[in-house]
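Once you've had a glance at the structure underneath, I'll fire off some questions.
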Amino acid sequence: MYSMINWFTARLPIEYRTPGRFWIMMMGHNSFLRIWHKVGIGRQREQVPSNADPKLKALIDAWPCCRTGYYTVDIAGVQLPGGRSWSERWGAIESATDYDNKTILELGCNQAILSTSLMKFCNAKQTIAVDIDKRALRTGNILADYYGVSPTFIRVDFDAQTAWEDMLTAYQPDIVTAMSVLNWVKDKDRFVAFLSRFDQLLYEGHRSVEVETDYLLKSGFAKVDIVESKPGRRAVLLATK
Ligand SMILES: C[S@@+](CC[C@H](N)C(=O)[O-])C[C@H]1O[C@@H](n2cnc3c(N)ncnc32)[C@H](O)[C@@H]1O
């Protein structure tokens with residue numbers, strides 16, 4: 001491969017050789033990714049009977065395959081690949097608090113599997129799924145459609161100079177979730193000030209249980225319970241006023 005690139009770029013005028021080599025390698029890399037994506041999608045399609053629900057087929061096409069979704073999800077016997085197991089995550093969260101007939105605001109929702117699951121399986125009244133990532137929200141929409149539920153999807157950058165706090169507060173959520181998102185937000189004080197507007201917060205941070213608990217208590221919550229804490233894994237906490 002490298003000798004082919006060298007052979008080709010050696011035929012370019014000298015001033016184009018280095019950029020030429022760079023672009024050829026980038027094109028090769030992108031083509032590889034595209035082929036890899038098609039192979040992955042192909043493998044998933046093989047698992048699906050030809051008479052399968054078109055919504056499931058749409059979901060498989062939308063799932064970010066080789067770039068991987070945030071979670072691995074099993075749907076109707078098809079495994080949609082991701083970095084973590086959704087069933088393990090859901091096992092910890094589904095009984096963390098009472099979601100029945102509640103409005104839930106999911107911050108940094110990614111594909112909003114949580115919002116969709118809360119509406120589908122826990123009788124949540126409404127979920128508002130918020131993220132900066134357009135592609136993740138689009139896949140989230142298709143996932144929710146497959147399950148026949150309708151979270152409200154909103155694209156927000158928590159670091160933007162817009163009044164997103166007031167816009168989201170207007171939904172009057174009973175529960176707010178911020179799972180593995182604070183770490184990625186630049187203005188952490190602003191984000192935590194927003195979290196502390198609400199009475200119940202389901203939270204996952206990147207630091208130890210002790211540090212995160214102390215942080216939430218100092219941010220205005222009266223009580224912090226451990227929902228799940230396992231060695232080598234980030235803890236899930238429930239903070240209440
Ligand atoms: C690590 S994922 C967590 C996904 C999900 N909350 C979970 O743990 O179950 C972090 C998510 O936060 C989103 N995010 C990061 N920075 C953001 C920002 N400034 N505004 C809005 N969303 C952001 C990312 O797009 C990503 O979907």
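THR162 versus SER219, label points 7 Å from Cα toward the beta carbon: distance in nm?
2.2 nm
I've got another one for you. Could you state the number of Å between the C-alpha centres of segment 75-107 and segment 161-209?
The two parts, judged by their Cα centres, are 18 Å apart.
Using 0.36 nm times the number of residues separating THR152 and VAL211, minus their current alpha carbon distance, what extension gain do you get? If you can, show how the numbers build up before the last one.
On the way: separation 59, 0.36 × 59 = 21.24 nm, distance 3.26 nm.
So the extension gain works out to 18.0 nm.
Run the quick spin-label model on ASP61 and ALA92: label points 7 Å from Cα toward the beta carbon, then report their separation in nm to one decimal.
3.5 nm
Note down the nm distance, to one decimal, between modelled labels 7 Å out along Cα→Cβ at ARG84 and at VAL227.
Calculated label separation equals 1.0 nm.
Right, something else. Keeping to pairs on different chains or 8 or more places apart, tell me how many lysine pairs in segment 83-241 have Cα atoms under 14 Å apart.
On the way: LYS102/LYS120; LYS102/LYS125; LYS188/LYS218; LYS218/LYS241; LYS223/LYS241.
Value for segment 83-241: 5.
Coordinate-derived values only; no laboratory data. These numbers come from a predicted model, not from an experiment. Neighbour counts are summed over all protein chains in view; Cβ atoms, including those assigned to glycine, are modelled from backbone coordinates with ideal geometry.
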